[in-house]
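The values are calculated or read from the model by the stated rules, or taken from the named source; none is laboratory data. Computed from a prediction, not measured in an experiment: that's the story for all the values here. Cβ placement follows ideal geometry from the backbone for every residue including glycine, while neighbour counts extend to all protein chains displayed.
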Amino acid sequence: MTSIESVIIEAEDPAAAENFYSTAFGLGDRVRVRAAEAPTTGFRGFTLSLTVARPATVDGFVDAAVGAGGTAVKPAAKSFWGYGGVVRAPDGTLWKIATSEKKDKGPATRDVDQVVLLLGVEDVKATKEFYVEHGLTVGKSFGRKYVEFAAPSSPVKLALYGRGALAKDAGVAPDGTGSHRLAVVGGDRGAFTDPDGFVWEQAASR
């Protein structure tokens, strides 16, 4: 089965980006950084999400990210689905920090329940079929709107959303050109590129 070991964010200043992620989120090897290789403008077509246990933890991560040099795109607030906010890292990557809980049932922690890579795609159904052919198993599917792949042991979960809907959820315009500045590492199918130009790289053998 294909799973994600880590994601690689490409940044113009990889040392600064590494410092930001270590300070703001502390995700270890799940998120790595390397030098940017291609120009990019606007929305890059993806977001990364941190799912946490309670609103106080959301606030803690948002505050840490802003304190480390990030920018609040959507202030943390209650929604129909729970509580969350969006920040932009100094390298431009959009991060959503959220919980399904609306009230705190304990103190804030630095624990992350799940890291989710959401790809904004042009055709959710077609891209879902592509990933199924590459060994992923569908966990949840809502027609042509949203797909979440089942990977209980994967350090990073993969989900698909329509590009426009994902940009709206993140609080940004959907327009963008150039590189995604993202590489996905993992799986047992070798290197490949999906229909929306997202690159998968073979995980290093251990």
Q. Of the conditions (1) part of a helix (DSSP H, G or I); (2) modelled with pLDDT under 95, Glu129 fails just one. Which one is it?
A. (2)
Q) Which members of the range 19-32 meet the condition of being buried (at least 17 other Cβ atoms within 10 Å of the Cβ) and under 20 Å from Gly69 (Cα atoms)? A) Phe20, Tyr21, Ala24, Phe25, Leu27, Val31, Arg32
Q: Select from the range 7-18 the residues that are surrounded by 14 or more Cβ atoms within 10 Å (Cβ to Cβ) and free of Cβ contacts under 8 Å to residues at least 60 places away in the same chain and list them in ascending order.
A: Pro14, Glu18
**Q.** Those strands (runs of 3 or more DSSP E) lying entirely in the range 1-113 with at least 3 residues under 22 Å from Val147 (Cα atoms) and either touching a His at 6+ places or on another chain (Cβ under 7 Å) or not polar (S, T, N, Q) (or both)
**A.** 4-11, 46-51, 83-88, 94-99
Q. Considering only the range 74-112, how many residues are in contact (Cβ under 8 Å) with a residue 60 or more places away in the chain, of a type in the set (Ser, Thr, Tyr) and in contact with a Lys or Arg (Cβ under 7 Å, 6 or more places away or on another chain)?
A. 0
Q: Working only within the range 151-206, note down all residues that are crowded, with 19+ Cβ neighbours inside 10 Å and among the hydroxyl-bearing types (Ser, Thr, Tyr).
A: Ser154, Tyr161
Q) Looking at (1) assigned to a strand (DSSP E or B); (2) small (Gly, Ala, Ser); (3) farther than 19 Å from Glu5 by Cα, which is the one condition that is false for Gly139? A) (3)
